[in-house]
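> Below are the structure tokens for one structure; questions will follow.
The values are calculated or read from the model by the stated rules, or taken from the named source; none is laboratory data. In this text the structure is predicted, and so the values were computed from the model without any measurement. Note that each Cβ is placed from the backbone with ideal geometry, even for glycine, and that neighbours are counted across all protein chains shown. The protein model used for the area step is the full one, side chains on, heavy atoms only, and it has no ligands, DNA or RNA in it. Shrake-Rupley method; radii C 1.70, N 1.55, O 1.52, S 1.80 Å.
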Amino acid sequence: MKSSGTSEQKEKNSKKNTKGKINFFLVFLICWLIVVTGFIAWFLLRFNDFAADYEAQYQASLPYHMADDITARFNEHDVDYIWSNMSSKPSVTVYEDESVVKEYVASLLEGKSFIYSETENSREDAPEYYIKTDEGLVVARVTLTEDKSQNLPFGFKAWMGKTFEFYTAASFHVNVTAPETYKVFVNGIELNASNLTGEIEPSELDQYVDPYATIPGTANYQVKGLYKKAKVTAMDYLGNECDCVYDEKTDSYKVGFIKDFEEEEALSEFAISFASDFANYISQDAGAYALDKYFPSGSKALSYIKRNSSRDLYTKHGSVSIHNEEIKDCIVFSDDVVYMEVYVEQWMQMYWGSSEPEIIPTDAHVYFVKIDGKWLVGGIQY
């Protein structure tokens with residue numbers, strides 16, 4: 001009985017000792033799980049930050065951001081930015097300067113908003129964009145290239161402009177017709193032989209002054225490649241400003257000969273005297289040599305008048321007087337050649353009919369030439 005009690009007592013003591021001991025493995029396992037869980041949580045947090053940063057850096061490196069920035073400049077109508085970034089500036093003639101082209105660019109931007117789109121030639125390694133109005137009119141093309149001077153995180157590419165092409169069209173031009181002895185100016189710059197569209201055209205009116213003088217021919221000028229409607233002016237052969245008239249139908253400027261000159265009054269009197277004597281000569285109211293003083297010696301024009309047989313058949317009449325003398329037109333071709341349209345009326349008393357005189361008008365188109373300082377009749381245009 002005694003032995004049995006002792007053994008039960010030992011068993012109880014053993015159980016008590018076992019309950020009092022710490023399970024180190026369980027503690028280690030729990031700690032390990034805590035550490036692993038913490039590490040995973042830390043890793044996930046870091047990875048999430050990494051992924052977010054990676055995505056942000058990736059998005060920031062996309063080339064469309066530069067297209068956005070450039071388009072914004074267009075919408076701000078920033079002409080200076082566009083001008084300074086053009087890969088090649090538009091060519092400008094000597095008749096304009098860069099300020100005119102800038103004004104032209106500003107006119108294209110005015111009142112418009114812009115968007116961008118990738119071109120059909122755009123590549124991942126060479127992005128290319130059109131800048132266009134919201135109506136779809138393309139005004140510029142931008143090509144980007146990698147900017148190797150910048151090192152972006154994660155090896156992403158930085159971008160920079162490679163080409164910036166703004167579409168310009170110098171659509172204005174000038175056509176001018178002027179006497180060859182006159183000077184023509186476009187925006188204050190004198191035109192020269194390089195602006196001629198062909199040879200100088202001789203005047204068809206030379207036949208009326210040959211062989212005593214020559215009427216200046218016609219020069220046809222053209223200037224292309226302008227960005228703005230030009231100011232066209234002209235100077236006559238004397239160096240005075242003269243009219244330069246634009247004709248919408250022909251889209252050209254016409255510079256005509258001047259109509260005033262210092263000797264106009266004296267020549268007008270001479271012209272009226274000639275027209276009066278001419279009318280009287282034809283009606284046989286002036287002598288056979290009445291016109292000789294008006295023509296150069298040996299004048300063909302005078303010989304033609306004298307050979308006119310109709311003079312011999314002119315109707316018989318009474319007294320004649322000259323009235324209503326008028327210079328209807330005057331064109332000054334040069335110091336030595338002037339055209340005048342001279343009008344006079346012969347009041348002719350007839351032997352029959354009314355007692356009122358018959359009015360016979362004479363409208364003479366006369367080309368005067370100056371020979372040795374004296375005005376004479378070079379020819380008559382019938």
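> Can you report the number of residues in segment 234-263 which are surrounded by 17 or more Cβ atoms within 10 Å (Cβ to Cβ) and in a strand (DSSP E or B)? It would help to see each step written out before you state the result.
Of segment 234-263, the ones surrounded by 17 or more Cβ atoms within 10 Å (Cβ to Cβ) are 234-237, 242, 244, 252-253, 255, 257-258.
Then keep just the ones that are in a strand (DSSP E or B); that gives 234-235, 242, 252-253, 258.
Total meeting the criteria: 6.
> Filter segment 200-233 for residues that are part of a loop (DSSP other than H, G, I, E, B) and either more than 30 Å from M340 (Cβ to Cβ) or under 25 Å from the mean Cα position of the chain (by Cα) (or both) and give the result. Give the steps one after another, and end with the answer.
The first filter runs over segment 200-233 and keeps only residues part of a loop (DSSP other than H, G, I, E, B), leaving 200, 202-203, 209-217, 227-231.
Within segment 200-233, Y227, K228, K229, A230, K231 meet the criteria.
> Select from segment 87-116 the residues that are assigned to a loop (DSSP other than H, G, I, E, B) and surrounded by fewer than 17 Cβ atoms within 10 Å (Cβ to Cβ) and list them in ascending order.
Of everything in segment 87-116, those that are assigned to a loop (DSSP other than H, G, I, E, B) and surrounded by fewer than 17 Cβ atoms within 10 Å (Cβ to Cβ) turn out to be S87, S88, K89, S91, V92, V94, D97, E110, G111, K112, S113.
> Looking for something open to solvent by 40 Å² or more (accessible area, probe 1.4 Å), closer than 21 Å to A364 by Cβ and not aromatic (F, W, Y) - is there at least one such residue anywhere in segment 207-225?
yes
> What pairs can you find where one residue is in segment 69-97 and at positive phi, the other is among the aliphatic types (A, V, I, L, M), and their Cβ atoms are less than 9 Å apart, with a gap of 6+ or different chains?
Listed pairs, sorted by first residue: H77/A106; H77/L109.
> Sort out which residues of segment 143-177 are of a type in the set (A, V, I, L, M, F, W, C), in a strand (DSSP E or B) and either surrounded by 15 or more Cβ atoms within 10 Å (Cβ to Cβ) or under 27 Å from the mean Cα position of the chain (by Cα) (or both), and write them in order of number.
Listed by number, the residues that qualify are L144, W159, F164, F166, F172, V174, V176.
> With respect to A266, determine if the residue is modelled with pLDDT of 95 or more, under 22 Å from V332 (Cα atoms) and surrounded by 18 or more Cβ atoms within 10 Å (Cβ to Cβ).
no
> OK, next. Just for segment 342-352: of the residues that are open to solvent by 20 Å² or more (accessible area, probe 1.4 Å) and part of a strand (DSSP E or B), which one is nearest to Y208 (Cα to Cα)?
So, considering only residues that are open to solvent by 20 Å² or more (accessible area, probe 1.4 Å) and part of a strand (DSSP E or B), the one nearest to Y208 (Cα to Cα) is Y343.
> Sort out which residues of segment 319-358 are at pLDDT below 90 and either small (G, A, S) or closer than 30 Å to M235 by Cα (or both), and write them in order of number.
Those that are at pLDDT below 90 and either small (G, A, S) or closer than 30 Å to M235 by Cα (or both): G353, S354, S355.
> In segment 301-324, which residues are among the charged types (D, E, K, R), surrounded by 12 or more Cβ atoms within 10 Å (Cβ to Cβ) and more than 20 Å from E358 (Cβ to Cβ)?
Hit for segment 301-324 is K306, nothing else.
> Sticking with this one: Please indicate, with yes or no, whether at least one residue in segment 178-194 is in contact with a Leu (Cβ under 9 Å, 6 or more places away or on another chain), open to solvent by 30 Å² or more (accessible area, probe 1.4 Å) and either closer than 30 Å to H77 by Cβ or free of Cβ contacts under 8 Å to residues at least 12 places away in the same chain (or both).
Yes, that holds for at least one residue.
> Still on this structure, I have one more. Can you find a residue in segment 353-374 that is open to solvent by less than 40 Å² (accessible area, probe 1.4 Å), out of contact with any Leu (no Cβ under 7 Å at 6 or more places or on another chain), within 30 Å of E180 (Cα to Cα) and in a loop (DSSP other than H, G, I, E, B)?
No, segment 353-374 contains no residue that is open to solvent by less than 40 Å² (accessible area, probe 1.4 Å), out of contact with any Leu (no Cβ under 7 Å at 6 or more places or on another chain), within 30 Å of E180 (Cα to Cα) and in a loop (DSSP other than H, G, I, E, B).
> Suppose we filter segment 99-117 for residues that are without any contact (Cβ under 8 Å) to a residue 12 or more places away in the chain and either of a type outside the set (S, T, Y) or closer than 18 Å to M160 by Cβ (or both); how many remain?
1
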